[in-house]
1. If you take the C-alpha gyration tensor of segment 45-119, multiply each eigenvalue by 5 and take the square root, what semi-axes do you get, largest first, in whole Å?
2. Can you run phi through the Karplus equation (6.51, -1.76, 1.60; θ = phi - 60°) for segment 99-112 and list ³J(HN,Hα) in whole Hz, with x for Gly and Pro?
3. Please sort by residue number the chymotrypsin sites (Phe, Trp or Tyr not before Pro) in segment 1-90 whose DSSP state is loop and whose Cβ has at most 15 other Cβ atoms within 10 Å.
4. Counting only protein heavy atoms and using a 1.4 Å probe, what share of the accessible area of the chain belongs to carbon plus sulfur, as a whole percent?
5. Where only protein heavy atoms count, and the probe is 1.4 Å, what is the accessible area per residue for segment 40-90 in Å²?
6. Using alpha carbon centroids, what distance separates segment 8-81 and segment 84-116, in Å?
7. Which trypsin sites (Lys or Arg not before Pro) does segment 13-119 hold that lie in a coil by DSSP with at most 11 other beta carbons within 10 Å?
8. Could you work out the relative contact order of the chain? I mean the mean sequence separation of Cα pairs under 8 Å and 6+ apart, divided by the number of residues, in percent.
Amino acid sequence: MDKPKTLHVDKPWGSFDQYALNAPCTVKILTCNPGQKLSLQRHCHRDELWVALDEGVVVELDGRVLTPDRGAEVWLPAASVHRLSCGAGVRHPVRVMEISFGTFDEEDIERLEDVYGRG
């Protein structure tokens, strides 16, 4: 799947950002505490769109390290190797909104590296 089109619409009262339109998806907020990181992982059956909600988000994506600004989008195609972490020296939890497209199943996580000993 290609990255879905996102839309920003200005209104008299402010604005809204639309990330999915009539698409089957699952939405979560991931919170990563200071000094922590998720497993380095990939999925076979879903693509993900991450939207950074806080400053200090660090995303590893296929060997690159990204530090998206708050509100920035990161597209994670199925089978991409990725991880979320809280930036060095950041003293507050960081969050991303995760919108998963495709079949969502926690069993679809293939952990390639995990500091918590999960396989």
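1. Gyration-tensor ellipsoid for segment 45-119: 21, 16, 11 Å.
2. 10, 9, 10, x, 7, 9, 7, 4, 6, 7, 7, 9, 7, 9
3. Those that pass, being in a loop and sparsely packed, are Trp13.
4. That share works out to 50 percent.
5. Here the residues of segment 40-90 average 42 Å² of exposed surface.
6. Between the Cα centre of segment 8-81 and that of segment 84-116, the gap is 9 Å.
7. Arg91, Arg118
8. Reported relative contact order: 35 percent.
The values are calculated or read from the model by the stated rules, or taken from the named source; none is laboratory data. Everything quoted here is computed from the prediction, not taken from an experiment. For neighbour counting, all protein chains shown are included, and Cβ atoms are generated from backbone atoms with ideal geometry for every residue, glycine included. The accessibility values were calculated without ligands, DNA or RNA, using every heavy atom of the protein model including side chains. Shrake-Rupley method; radii C 1.70, N 1.55, O 1.52, S 1.80 Å.
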